[in-house]
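What follows is a single structure, written as structure tokens, with notes after it.
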Amino acid sequence: MTTRLHFISGLPRSGSTLLAAILRQNPRFHAAMTSPVGALFSVMLNTMGRRNETALFIDETQKRELLAGLFECYYRPHQDKAVVFDTNRLWCARLPALLSLFPEAKVICCVRSIAWVMDSIERLVRQNAFEPSGLFATPEERATVFSRVDALAHRDRLVGFAWSALKEAYYGEHGRSLLILEYDILAQRPAETLKLLYEFLGEPAFAHDFAAVDYAEPAFDAQLATPGLHTVQREVAFTPRRTILPPDLFQKYAALSFWREPAGSTAFRITVQPEPATESPAAGRH
């Protein structure tokens, strides 16, 4: 495809929808929330594997063309844009294939303290107290804050998978294609953050309006029975607050911010300093 392709990945509730809402202000860009391309990519990749006996009729060149064709077909309505950003937490786990297809692509990984990710999801669950969230598979998982957080943290669930995939990418051989972008900094200093992001992408600067950001996907959120999951407030702002998680639960997940340590990774980072283990810091409203 002639349009330049980049990716937004990382952790849930960490600013990826906010970032997409900001980027789409630029008339040269297309960005949105999670697209179906990642799921289609995985299904097609698995179907072309050895477990499918007819896959022997698909050679390496055909595999590459078929996978690249997914992006070409899906983003054809946006071929007038110079740059397209595809959003999916899956991409951190697919970097070897992804960057083989698109060697010049960059991956913006939105991150946030896992404790605050859990806090943000828990707030949404409590705000919709009469609507059992589709994020949980059983009534037992929904029962208490401890069972909800434990379910989300499992390796194949919303937070656990994203964290594992991000860690793989951060320490992997494709680190220099990554920009780790922490939500707290984006919310507090959006102009400086976007300037650095544009430099990372090699794109000309654009004057964004951080007081008029608007994006929502109510139909998608209703499908998950979790209203507000992808609603962005109009003004980019940082609102300190206290956590609603029990202290032991907060501390357990606050210790998992590996991306704040540069050792062992070649990724570019826009991150905050490590938090003292004895504190429960305030964070933004996303």
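Out of all the residues in the range 127-157, which are in contact (Cβ under 8 Å) with a residue 60 or more places away in the chain and either exposed (fewer than 12 other Cβ atoms within 10 Å of the Cβ) or aromatic (Phe, Trp, Tyr) (or both)?
Answer for the range 127-157, where residues must be in contact (Cβ under 8 Å) with a residue 60 or more places away in the chain and either exposed (fewer than 12 other Cβ atoms within 10 Å of the Cβ) or aromatic (Phe, Trp, Tyr) (or both): Gln127, Phe146.
I'm trying to understand the selection: among the residues of the range 101-148, which are charged (D, E, K, R), within 30 Å of Val272 (Cα to Cα) and over 16 Å from the mean Cα position of the chain (by Cα)?
Matches in the range 101-148: Glu104, Asp119, Glu122, Arg123, Arg126, Arg148.
What number of residues within the range 81-120 are acidic (Asp, Glu) and more than 12 Å from Val159 (Cβ to Cβ)?
2
Being modelled with pLDDT under 95, under 26 Å from Cys110 (Cα atoms) and surrounded by 11 or more Cβ atoms within 10 Å (Cβ to Cβ) narrows it down to one residue among Leu70, Leu45; which is it?
Just one listed residue meets the conditions, Leu45.
Somewhere in the range 56-67, is a residue touching a Ser or Thr at 6+ places or on another chain (Cβ under 8 Å) and exposed (fewer than 15 other Cβ atoms within 10 Å of the Cβ)?
Yes: the range 56-67 contains one or more residues that are touching a Ser or Thr at 6+ places or on another chain (Cβ under 8 Å) and exposed (fewer than 15 other Cβ atoms within 10 Å of the Cβ).
Has the range 69-82 got any residue that is of a type in the set (Ser, Thr, Tyr), outside any helix (DSSP H, G or I), closer than 28 Å to Glu168 by Cα and more than 18 Å from the chain's Cα centre (by Cα)?
yes
Quick one: is Pro96 closer than 30 Å to Ala267 by Cα and outside any helix (DSSP H, G or I)?
no
Considering only the range 265-280, state which residues are at pLDDT below 95 and exposed (fewer than 15 other Cβ atoms within 10 Å of the Cβ).
Gln273, Pro274, Pro276, Ala277, Thr278, Glu279
Out of the range 230-257, which residues are exposed (fewer than 15 other Cβ atoms within 10 Å of the Cβ), modelled with pLDDT of 95 or more and touching a Lys or Arg at 6+ places or on another chain (Cβ under 9 Å)?
Selection gives Ile244 alone.
So which of Leu124, Leu196, Leu179 ends up being closer than 21 Å to Asn88 by Cβ, part of a helix (DSSP H, G or I) and either at pLDDT 95 or above or in contact with a Pro (Cβ under 9 Å, 6 or more places away or on another chain) (or both)?
That would be Leu124, the only listed residue that is closer than 21 Å to Asn88 by Cβ, part of a helix (DSSP H, G or I) and either at pLDDT 95 or above or in contact with a Pro (Cβ under 9 Å, 6 or more places away or on another chain) (or both).
Just the residues that are at pLDDT below 95, loosely packed, with under 15 Cβ neighbours inside 10 Å and part of a helix (DSSP H, G or I), please, taken from the range 199-229.
Listed by number, the residues that qualify are Pro218, Ala219, Phe220, Ala222, Gln223.
If we scan the range 135-145, do we find a residue that is within 30 Å of Lys106 (Cβ to Cβ) and at pLDDT below 95?
For the range 135-145, residues within 30 Å of Lys106 (Cβ to Cβ) and at pLDDT below 95: present.
Can you pull out the residues in the range 33-58 that are of a type outside the set (Asp, Glu) and over 18 Å from Leu98 (Cβ atoms)?
The answer is Met33, Arg50, Arg51, Asn52, Thr54, Ala55, Leu56, Phe57, Ile58.
With respect to Gln79, is the statement that it is in contact with a His (Cβ under 9 Å, 6 or more places away or on another chain) and under 28 Å from Gly202 (Cα atoms) true?
no
The values are calculated or read from the model by the stated rules, or taken from the named source; none is laboratory data. What you see is a predicted model; the values in this text were computed from it and never measured. When we count neighbours, we look across all protein chains shown, and the Cβ atoms used for this are built from the backbone with ideal geometry, even at glycine.
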